[in-house]
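Below is one structure, written out as structure tokens; comments come after it.
The values are calculated or read from the model by the stated rules, or taken from the named source; none is laboratory data. Since we're looking at a predicted model, the values are computed, not measured. Ideal geometry is used to build each Cβ from the backbone, glycine not excepted, and the neighbour counts take in all protein chains shown. When the accessible area is computed, the model is the full protein with side chains, heavy atoms only, and any ligands, DNA or RNA have been set aside. Shrake-Rupley method; radii C 1.70, N 1.55, O 1.52, S 1.80 Å.
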Amino acid sequence: MTKDKIVPIAKRGYSRTDIFVTTKWLEEHINDPKIRILDTDSIELYDEGHIPNAANVKDNYFKTSLENRTHVQSSEQFNNTMSNLGISNDTLVIGYDRSALLYSLRLLWTLNYFGHSKVKILDGGYQKWISEGRSTSKEQNTYNNDEFRSKINKDFIASNKHVLNSIYDQKTQILDVRSDSEWNGTNKRGGPRGGHIPGALHLEWINFHTGGDVPILKTANEIRSLLNQINFSPEKNTITYCQGGIRAAHVFWVLKLIGLDNVKNYDGSWREWGADFSCPIE
């Protein structure tokens, strides 16, 4: 989408708009010492240019290690991650990316999972920022350490046991947001098995954003129309999953934006499910 065709946040029909900030708002608050701006893309993209005062996160998946990408960090690890970024429990965190909100929505999910709701994402991301001619920087920014203490919110996450029980639960639906090749098993992503969780619905995450020069999330009506096409029920509990809980975190928030409350992200996702031969697949 080009910047002149972007539907304003207030006109997209979302049930909540509090997770967003605009480029105008961020520019006006860019030197506020009470906020931390996080660039959630790779260090290579960050080095090419970023929003002034933004710091780069070392692991935008927030997994236990760069080698073990299955589960989200422990509380102790996440406390250290946030503290090293100068984030305390009183800090307002602003995340952005160049990836159609994929990694900034992962940040949003992860912080909320660890009990920190003072976090927002930049609507339109870095693309919108530069399309408007706003200033950029190549300076490596760091923040002084602070103290962050997490408090896990279990409402945000589903375990493999929860997912296994949900296969047979008529009140719960499982939404696979991976690519077609991952869904049908032709792309195993390096794992031992390909396919999908039995009974899952399927709609790839990229369908929920506009694409184009400045990708933004689609309107609530557009999102509902897409979900209707796969027989998705807004009345049921929903579990999202992908390969490692990243794309699933994106769609977790998409569903929240259209007013769904009972949504969980299966963070272990196919990386865990496919490697566990006790878990059934189709």
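Summary of computed values
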read-out: Unmet requirement for residue 43, which otherwise passes all of (1) within 16 Å of residue 252 (Cβ to Cβ); (2) hydrophobic (A, V, I, L, M, F, W, C); (3) open to solvent by 40 Å² or more (accessible area, probe 1.4 Å); value: (1)
read-out: Any hit, the stretch 20-38, residues being open to solvent by 30 Å² or more (accessible area, probe 1.4 Å) and under 16 Å from the mean Cα position of the chain (by Cα); value: no
read-out: All positions within the stretch 46-75 that are of a type in the set (Asp, Glu) and either open to solvent by less than 50 Å² (accessible area, probe 1.4 Å) or in contact (Cβ under 8 Å) with a residue 24 or more places away in the chain (or both); value: 47, 48, 59
read-out: Conditions (1) more than 29 Å from residue 55 (Cβ to Cβ); (2) at pLDDT below 95; number of the one not met by residue 140; value: (1)
read-out: Residue that is in a loop (DSSP other than H, G, I, E, B), within 30 Å of residue 224 (Cβ to Cβ) and of a type in the set (A, V, I, L, M, F, W, C), where the choices are 10, 100; value: 100
read-out: The lone exception for residue 87 - which of (1) open to solvent by 30 Å² or more (accessible area, probe 1.4 Å); (2) in contact with a Lys or Arg (Cβ under 7 Å, 6 or more places away or on another chain); (3) among the hydrophobic types (A, V, I, L, M, F, W, C) it fails; value: (1)
read-out: Among (1) in contact with a helix residue (DSSP H, G or I) (Cβ under 8 Å, 6 or more places away or on another chain); (2) surrounded by 15 or more Cβ atoms within 10 Å (Cβ to Cβ); (3) in contact (Cβ under 8 Å) with a residue 40 or more places away in the chain; (4) over 17 Å from residue 269 (Cβ atoms) - the single one residue 158 does not satisfy; value: (4)
read-out: Residue within the stretch 138-150 that is touching a strand residue (DSSP E or B) at 6+ places or on another chain (Cβ under 9 Å), basic (Lys, Arg) and open to solvent by less than 10 Å² (accessible area, probe 1.4 Å) present; value: no
read-out: Selection count where residues are part of a loop (DSSP other than H, G, I, E, B), under 20 Å from the mean Cα position of the chain (by Cα) and of a type in the set (Phe, Trp, Tyr), scope the stretch 103-155; value: 1
read-out: Qualifying residue in the stretch 176-198 (condition: part of a loop (DSSP other than H, G, I, E, B), open to solvent by 40 Å² or more (accessible area, probe 1.4 Å) and in contact with a strand residue (DSSP E or B) (Cβ under 7 Å, 6 or more places away or on another chain)); value: no
read-out: Per-region count, the stretch 237-278, residues acidic (Asp, Glu), under 17 Å from the mean Cα position of the chain (by Cα) and surrounded by fewer than 24 Cβ atoms within 10 Å (Cβ to Cβ); value: 1
read-out: Helices (runs of 4 or more DSSP H) wholly inside the stretch 220-278 that include at least 3 residues being touching a strand residue (DSSP E or B) at 6+ places or on another chain (Cβ under 6 Å) and modelled with pLDDT of 95 or more; value: 246-257
read-out: Some residue of the stretch 29-38 being closer than 27 Å to residue 219 by Cβ, in contact with a Leu (Cβ under 6 Å, 6 or more places away or on another chain) and assigned to a loop (DSSP other than H, G, I, E, B); value: no
read-out: Subset of the stretch 100-130 [open to solvent by less than 40 Å² (accessible area, probe 1.4 Å), in contact with a Ser or Thr (Cβ under 8 Å, 6 or more places away or on another chain) and over 13 Å from residue 37 (Cα atoms)]; value: 106, 111, 114, 116, 123, 124, 128, 129
